[in-house]
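Here's the structure, in structure tokens; my notes come after.
Read-outs throughout are calculated quantities, based only on the coordinates presented, and are distinct from any laboratory measurement. Owing to the predicted nature of the structure, the values given are computational and were not obtained by experimental measurement. Cβ sites come from the backbone with ideal geometry, for glycine too, and all protein chains shown count toward neighbours.
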Amino acid sequence: MVKITENKRLFNEAKRCLVGGVDSPVRSFNYVGGDPALIKKGIGSKVYDYDGKIYIDYVLSWGAALLGHAHPKVVAEIRRTAGRGLSFGATNKPEIELAKAIREAIPFVQKIRFVNSGTEAVMGAIRLARGFTGRDKILKFEGSYHGHADYLLVKGGSGLATLNIPSSKGVPKNFVKDTLIARSEDKEGIEAIFKRYGRDIAALIVEPVGGNYGVTPPDIGQLKFLRHISKKYGALLIFDEVITGFRFNYGSFAQKIGIRPDLICLGKIIGGGLPIGAYGGRAKIMDNLAPLGQVYQASTFAGNPVTMSSGLSTLHLLKGTKSSYEKIKDLTKYLVINIWQVAGKHGVALKINSYDSMFSLKFTKKEEFKAFYKEMLDRGIFLAPSEFEANFISFAHTKKDMDNTIKAADAAFGRIKR
């Protein structure tokens, strides 16, 4: 009789009450096959499943856990704040302090609005751009993912790419008629779109470093071109930094490359692992939001003190350990080079896209990725379960973690090429 593990038992239970047993499609392991990992707890660079197995974690709550899991100072602050109440539906001191910390770190963000997710942040920024400009159309790029709002799911990345869905059912054509699509590297195509629709385009939204169609390193020249052409036609430039904000440096990627977008969307890291989103920019634009302006957006749980305290504690730690940014950049480079080398040793055609502390793996054949993924999982390495998703390094990762991952990859490549 085959013994049913606790992970298996729980997932069978999950499938009876959760759609597909998950609350986000990419967690389902649809791309790699088999039952998904169920995680009981995380400490530092490791996560633990319900059978007691330990994994070196490169998912990191999809990039949110930059400090690693359960940092004791962040957890202590969450507990302290939670003891005074979880949510009040009213402005509170931690909310003000986190806004001030973000504004200090990203000076072009004069005012900010907190929400509960990256999707909400992008939705709010686009509505604000439309209200500010009096225009309806937006321009996004193929393979970019900006959350699951109806009008943003056209030719998106992330789970859509993983599941090979070009868009989503349930989105009326009328909802996407004002969404224009271009290829991010196609300067002539972008110019043609602006020549035709320029005076109707409210905003151009871009991931400055792509993280939802595999990692896409930035093209600084192209980003400068986007800044130029959006300004030329009076459209707002929105940087979606839900993934990249505070990941490469203490602040935004925009600052790192010397480009000032009109609006920026943040998430993930600024909540210290708790649900959060934010968008901000110049006061002249932000003051068009209610209650000062006519662009309405509201939320019961936005700015709740527990999430705000978690984010504030996280930013204080990041600000105090800026040298760790260089450390994880170097660790990522070390890991990527060595995995690529051991793949070559075994005759495996592998492309690794990386930028700073992010990387993604792309095999010539999807079946090879599936086999590699399962081999790595068996060896205690938890990677993103799709070639279209990014992997991340945290401040808690060590060179020993990298060496153990390289050793596991060496063995995994050997198995899949037998």
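Observations on the structure shown:
- One chain, two ends: residue 222 and residue 337. Fully extended at 0.36 nm per residue, the span grows by 38.7 nm beyond their Cα-Cα distance.
- Eigen-decomposition of the gyration tensor built on the alpha-carbon atoms of the stretch 72-319 gives equivalent ellipsoid semi-axes of 30, 19, 18 angstrom, largest listed first.
- Shape category assigned to the stretch 36-98 from the gyration tensor of Cα positions, a/c cut at 1.5: prolate
- Most mobile listed residue (397, 71, 228) in the chain, GNM with C-alpha springs under 10 Å: 228
- 3J(HN,Hα) from dihedral phi, the stretch 303-313, Karplus parametrisation 6.51/-1.76/1.60, rounded to Hz, x for glycine, proline: x, 5, x, 5, 5, 4, 5, 4, x, 5, 4
- Extent along principal axes [Cα atoms of the stretch 215-319; Å; largest to smallest]: 41, 35, 21
- Estimated [θ] at 222 nm from DSSP helical runs (n ≥ 4, -39500 (n - 2.57)) normalised by residues in the chain, nearest 500: -12000 deg cm²/dmol
- Modelled FRET efficiency - R0 35 Å, residue 186 with residue 5, Cβ distances, 0.05 increments: 0.10
- FRET efficiency, 1/(1 + (r/R0)^6) with R0 51 Å, evaluated for residue 84 and residue 406 via beta carbons: 0.65
- The stretch 266-373 - Debye-derived log10 I(q)/I(0), Cα point model, q = 0.12, 0.15, 0.17, 0.21 Å⁻¹: -0.71, -0.86, -0.93, -1.09
- Residues in the stretch 374-418 that a label on residue 54 would reach, taking backbone N under 15 Å of a point 7 Å out along Cα→Cβ: 379-382, 397-405
- Here's how it looks for residue 106: its modeled amide H is under 5 Å from none belonging to a residue 5 or more places away or on a different chain.
- Relative contact order [Cα under 8 Å, 6+ residues apart], the chain, whole percent: 23
- Counting other Cβ atoms within 10 Å as a rough exposure proxy, the listed residues 247, 183, 260 run 183, 260, 247 from fewest neighbours to most.
- Listed residue (363, 346, 198) projecting farthest to the positive dipole end of the chain, Cβ model: 198
- Between the stretch 69-112 and the stretch 279-309, the Cα center-to-center distance that results, in Å: 15
- Segment residue 349-residue 282, length gained on full extension (0.36 nm per residue, minus Cα span): 19.4 nm
- Charging the Cβ of each Asp and Glu at -1 and of each Lys and Arg at +1, and nothing else, the dipole of the chain about its Cα centre rounds to 160 debye.
- Here the label points at residue 104 and residue 136, each 7 Å from Cα along the C-beta direction, are separated by 4.5 nm in the simple model.
- Only beta bridges with both residues in the stretch 72-319 are counted; by DSSP, about 40 percent of them are antiparallel.
- Cα centroid separation, the stretch 316-354 to the stretch 193-268 (Å): 25
- Once Rg and the Kirkwood radius are both taken over the C-alpha atoms of the chain, their ratio Rg/Rh works out to 0.96.
- Efficiency of FRET from Cβ geometry, residue 93 and residue 250, R₀ 30 Å, rounded to 0.05: 0.85
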